[in-house]
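Novice: This structure is in structure tokens; I'll ask about it shortly.
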Protein chains: 2
Amino acid sequence: MPDNRQWIMVKKPEGLASEEHLELKTRPTDEPGSGEVLIEQLYLSLDPGQNFYMQSSADVGGGTMKVGDVVRAWGVGRVIASKSGRYPVGSYVRDRYGFAGMQDYTILPESSLYPVDPALAPFPAQIGVLGMPGLTAYFGMIDIGRPQAGETAVVSGAAGVVGTTAGQLAQVKGARAVGIAGGPDKCRYMVQEIGFDACVDYRAEDFEEQLAAACPNGIDVFFDNVAGKILDSCLSKMAYRGRIVSCGAIAEYGTVGQWRGLHNYWNVLVGSLRWEGLSIHNYYDRYDEAYAALEGWFREGRLRHREEVADGLENFIPVFHRLFTGANLGKLVLKIRDEAVA
Amino acid sequence: MPDNRQWIMVKKPEGLASEEHLELKTRPTDEPGSGEVLIEQLYLSLDPGQNFYMQSSADVGGGTMKVGDVVRAWGVGRVIASKSGRYPVGSYVRDRYGFAGMQDYTILPESSLYPVDPALAPFPAQIGVLGMPGLTAYFGMIDIGRPQAGETAVVSGAAGVVGTTAGQLAQVKGARAVGIAGGPDKCRYMVQEIGFDACVDYRAEDFEEQLAAACPNGIDVFFDNVAGKILDSCLSKMAYRGRIVSCGAIAEYGTVGQWRGLHNYWNVLVGSLRWEGLSIHNYYDRYDEAYAALEGWFREGRLRHREEVADGLENFIPVFHRLFTGANLGKLVLKIRDEAVA
């Protein structure tokens, strides 16, 4: 069994996890037990939510991390030792629940896995638009947002994979997709490459006016990855009986304790809004439905996507930080090894 | 046909409506048209939402008021002229949609009416626990809040009729009801007369600790009539997958434009909460279901209630203001005339 490098959380972060909270340690690999497989990881997914698992002290929706734990991560890999009838050596798999972990190898029970068809899409997309972020977009937009034909869905943090996928799912349902992203390059990308109907730059001085102009009948569904001022702005523009999906809070991840004040929540009452917090951990029993639906729309070419691949498990920290500076475009993944190795 | 005194909105208020916005004018009464009845009003309901209809400029959920309109109000009365087969002269009726109006007489189409059985309850209760406030509590608690056996439901503005009814509906469903009210007298009333499981005084210095102690497993349903600081406090105490019903915002009715900042909305995301604004105008097609359910529980003695009756249409303004100072206990109604008159 090969040695295994693992990113271990050595101290709980209060804000963004960094060198003082994380350490790369080497440990021997175990043998898989009955019903388990040993996976060599090919690509690991970098997601803002990983910081949430490290930061959070409450055990809500899928488990938080303790000091000494391997950093949670979703990944795709190849089975190199198997005690599972369903996943023989050589199968490609992704993990359902984010316990692949930031490490070279992982042992997982077959109940935690979902098969990967390498012919369907490159591996980075299998943990992006077709993986956990795709599931997040699916349950948030389809189950909570429920866009109807002719409606307008706004997505903040639009240029991330959850955002691009959520907007396209709204379009699949016949709604218009309006993105909110940082800078003219990302906005162009959203419209020209991903195919959003419009995209508004939150850094523009006339952001409020641009957003209002892009949503002449108000916002029917707001899929929010950001919180803070952008949420407050969208709250005031929600159409009567609109829906807000709280999926992330990038603007507040560094905030300890209370978040900055939200003022326009009057519209929840006045506008008969429905506002729900999303955690995919509430949907375990519907993952197969979501995987199948996403793969169907993907085959039809209705889910455009883009990945940015960084190299090397050892580079986890600086690459992870790119998620929070807005430096990346598309789904950020870390390549652990080439498919052909091992 | 008798003369009709009507409270007319002569100027739109920005905060609480007062003498400068309202004028009592006398006009002749009309004849009812086909399918309509002329009603002499016996009791009219005083509700915080009336100020919302006056203040609001957006036409959402049931119509806002224009300068020159009769002040909207729900009421109970007796038919004194009829061109309706369903409601002959002498029938008692209440209006469904709040267009009885602050006036001596009203003409309404039969589709706007619901029959009143005088033997079931005194008239003030027919427009309280069994009227629009009862419907509000019903749709808010049953349809949005969905309390389950063993859960804890917290109600702010608990001593109002919507609050007392909402908490008791949670109890009907097997949940614990915890009130939030102002002052020890109201809190005693909530527990001893209405039968809430606990009631916390928001004016107490240790309000936060008392509320936390009353909800050891967190708040599963929060039915909010107040907004502001009490909402912020409850947000931080919501149990995972809890539900918030925004029914009113007494703490913010005087506020122009943006409301005071809300900080603990992080829990919508982290706690997978569902937060919905309630307007009974979204439930027109389910009113009969609600009336029937409320009357059923009322007959079983499961809906305790209390009314405070003030006298005389001409006293509308000072009596209405009692709603906003916390001076009243129970459902505030205005007696227009004695049942035996006319």
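Novice: With everything on Cα atoms, drop me the angle between helix A:316-325 and the longest principal axis of chain A, reported from 0 to 90° to the nearest 10.
Specialist: Between the helix axis and the principal axis of chain A, the angle is about 0 degrees.
Novice: Mind putting a number on the dipole of chain B about its Cα centre? Charges go on the C-beta only, +1 for Lys and Arg and -1 for Asp and Glu, and I need it in Debye to the nearest 20.
Specialist: That gives a dipole near 420 debye.
Novice: With the cut-off at 1.5 for a/c, could you classify segment B:136-252 from its C-alpha gyration tensor as rounded, prolate or oblate?
Specialist: rounded
Novice: Another question about this same structure. Among B:Ala119, B:Ala153, B:Gly182, which residue has its Cα furthest toward the positive end of the charge dipole of segment B:112-224, with +1 on Lys/Arg Cβ and -1 on Asp/Glu Cβ?
Specialist: Most positive-ward Cα: B:Ala119.
Novice: Given a 1.4 Å probe and heavy atoms of the protein chains only, how would you sort B:Asp206, B:Asp220, A:Asp224, B:Asp311, largest accessible area at the top?
Specialist: Greatest to least solvent exposure: B:Asp311, B:Asp206, B:Asp220, A:Asp224.
Novice: So, one more: Scan segment A:198-305 for GluC sites (Glu not before Pro) in coil per DSSP, keeping those whose Cβ has at most 14 other Cβ atoms within 10 Å, and list them by number.
Specialist: Loop-located and lightly packed - A:Glu205, A:Glu300.
Novice: What is the total of Lys pairs in chain A with C-alpha atoms under 19 Å apart, excluding same-chain pairs fewer than 8 positions apart?
Specialist: Eligible lysine pairs with Cα atoms under 19 Å apart amount to 8.
Novice: Just for segment B:33-104, what percent of DSSP beta bridges are antiparallel, to the closest 5?
Specialist: 90 percent
Novice: Would you mind pulling out the separation of the Cα centroids of segment B:226-298 and segment A:262-276, in Å?
Specialist: Here the two parts' Cα centres lie 9 Å apart.
Novice: Charges on Cβ only, +1 for Lys and Arg, -1 for Asp and Glu, centred on the Cα centroid of segment B:222-318; of B:Ile317, B:Gly271, B:Tyr284, which one is farthest towards the dipole's positive end?
Specialist: Farthest towards the positive pole: B:Gly271.
Novice: How large is the accessible surface per residue of the protein assembly as shown, computed with a 1.4 Å probe and reported in Å² as a whole number?
Specialist: That works out to 37 Å² per residue.
Novice: Rounded to whole Å, how close does chain A get to the rotation axis onto B by Cβ? Give me the residue too, please?
Specialist: Nearest Cβ to the rotation axis, residue and whole-Å distance: A:Gly261, 1.
Novice: Rounded, prolate or oblate, given the Cα gyration tensor of segment B:1-145, with a/c below 1.5 counting as rounded?
Specialist: The shape class here is oblate.
Novice: Of the heavy-atom accessible surface of segment B:112-204 (probe 1.4 angstrom), what whole percent is carbon and sulfur?
Specialist: Percent of accessible area from carbon and sulfur atoms in segment B:112-204: 49.
Novice: Among bridges DSSP assigns within the protein assembly as shown, what percent are antiparallel (round to 5)?
Specialist: The antiparallel proportion sits near 55 percent.
Novice: Taking one equal scatterer on every alpha-carbon of segment B:1-67, how large is log10 of I(q)/I(0) by Debye at q = 0.21, 0.27 1/Å?
Specialist: For segment B:1-67 at q = 0.21, 0.27 Å⁻¹, log10 I(q)/I(0) is -1.05, -1.18.
Novice: State to the nearest 20 debye the size of the charge dipole of segment A:252-342 about its Cα centre, where the only charges are +1 on K and R beta carbons and -1 on D and E beta carbons.
Specialist: 380 debye
Novice: Moving on to the next point. Quick one: of the DSSP bridges fully inside chain B, what percent are antiparallel, nearest 5?
Specialist: Antiparallel bridges make up about 55 percent of those DSSP assigns within chain B.
Novice: Ignoring any ligand, DNA or RNA, what whole percent of the accessible area of segment A:241-342 comes from carbon and sulfur when the probe is 1.4 angstrom?
Specialist: The computed percentage sits at 48.
Novice: Taking 50 Å² as the minimum loss, tell me which residues in segment A:269-315 lose that much accessible area going from the chain by itself to the full protein complex (1.4 Å probe).
Specialist: Output list: A:Leu269, A:Val270, A:Trp275, A:Gly277, A:Asn282.
Novice: Over segment A:185-342, what is the relative contact order in percent, taking alpha-carbon pairs closer than 8 angstrom and at least six residues apart?
Specialist: Dividing the mean separation by the residue count of segment A:185-342 yields 16 percent.
Novice: Another question, if that's okay. Given the DSSP H assignment, sum -39500 (n - 2.57) over each helix run of at least 4 residues in chain A and divide by its residue total; what's the result at 222 nm in deg cm²/dmol, nearest 500?
Specialist: Calculated mean residue ellipticity at 222 nm is -6000 deg cm²/dmol.
Novice: Okay, next question. For the protein assembly as shown, just give the cysteines left without a disulfide-compatible partner, judged by no other Cys Cβ under 4.7 Å.
Specialist: Cysteines lacking a close Cβ partner in the protein assembly as shown: A:Cys215, A:Cys234, A:Cys247, B:Cys215, B:Cys234, B:Cys247.
Novice: Ok, one more. Would you tally the net charge around A:Phe324, using a Cβ to Cβ cut-off of less than 13 Å, leaving A:Phe324 out, and scoring K and R as +1, D and E as -1?
Specialist: Value of the local net charge: -1.
Novice: Please report the buried accessible area for the interface of B with A, total over both chains, probe 1.4 Å, in Å² to the nearest 100.
Specialist: Buried area between the two chains comes out at roughly 2900 Å².
Novice: Rounded to the nearest percent, how much of the accessible area of segment A:1-56 (1.4 Å probe, protein heavy atoms only) is carbon and sulfur?
Specialist: 45 percent
Novice: If you take the alpha carbon radius of gyration of the protein assembly as shown and divide it by 2.2 N^0.38 Å, what ratio comes out, to two decimals?
Specialist: Expressed relative to 2.2 N^0.38 Å, the Cα Rg reads 1.11.
Novice: With a ≥ b ≥ c the root eigenvalues of the C-alpha gyration tensor of segment A:172-320, is it rounded (a/c under 1.5), prolate (a/b larger than b/c) or oblate?
Specialist: rounded
Novice: Explain nothing, just the number: dipole magnitude of the protein assembly as shown about its Cα centre with +1 on each Lys and Arg Cβ and -1 on each Asp and Glu Cβ, in debye rounded to the nearest 20.
Specialist: 400 debye
Novice: Could you rank B:Lys11, B:Lys25 by how accessible they are, 1.4 Å probe, largest area first?
Specialist: B:Lys11, B:Lys25
Novice: Relative contact order (percent) for segment B:158-232, with alpha-carbon contacts under 8 angstrom and 6 or more residues of separation?
Specialist: Normalised by residue count, the contact order of segment B:158-232 is 25 percent.
Novice: Could you give the spread of the C-alpha atoms of chain B along their three principal axes, from largest to smallest, in whole angstroms?
Specialist: 60, 43, 35
Novice: Report relative contact order for chain B in percent, whole number only (criteria: Cα-Cα under 8 Å, sequence separation at least 6).
Specialist: For chain B, the relative contact order is 17 percent.
Novice: Between beta-carbons, use under 9 Å as the cut-off and find the net charge around A:Met1, counting Lys and Arg +1, Asp and Glu -1.
Specialist: -3
Novice: Follow-up question, since we're still on this one. At 1.4 Å probe size, with no ligands or nucleic acids counted, give the accessible surface of B:Val89 in Å², nearest ten.
Specialist: Roughly 100 Å² of B:Val89 is accessible to a 1.4 Å probe.
Novice: Something else: In nm to one decimal, list the spacings between the A:Ala58 label point and its equivalents in the other copies, with label points set 7 Å along Cα to Cβ, shortest first.
Specialist: The answer, with the shortest distance listed first, is 2.9 nm.
Novice: Given points 7 Å out from each Cα along the Cα-Cβ axis, report the A:Asp117 to B:Glu289 separation in nanometres with one decimal.
Specialist: 4.1 nm
The values are calculated or read from the model by the stated rules, or taken from the named source; none is laboratory data. Everything quoted here is computed from the prediction, not taken from an experiment. Ideal geometry is used to build each Cβ from the backbone, glycine not excepted, and the neighbour counts take in all protein chains shown. Each accessible area value is taken on the protein alone, full model and side chains, heavy atoms only, with ligands, DNA and RNA left out. Shrake-Rupley method; radii C 1.70, N 1.55, O 1.52, S 1.80 Å.
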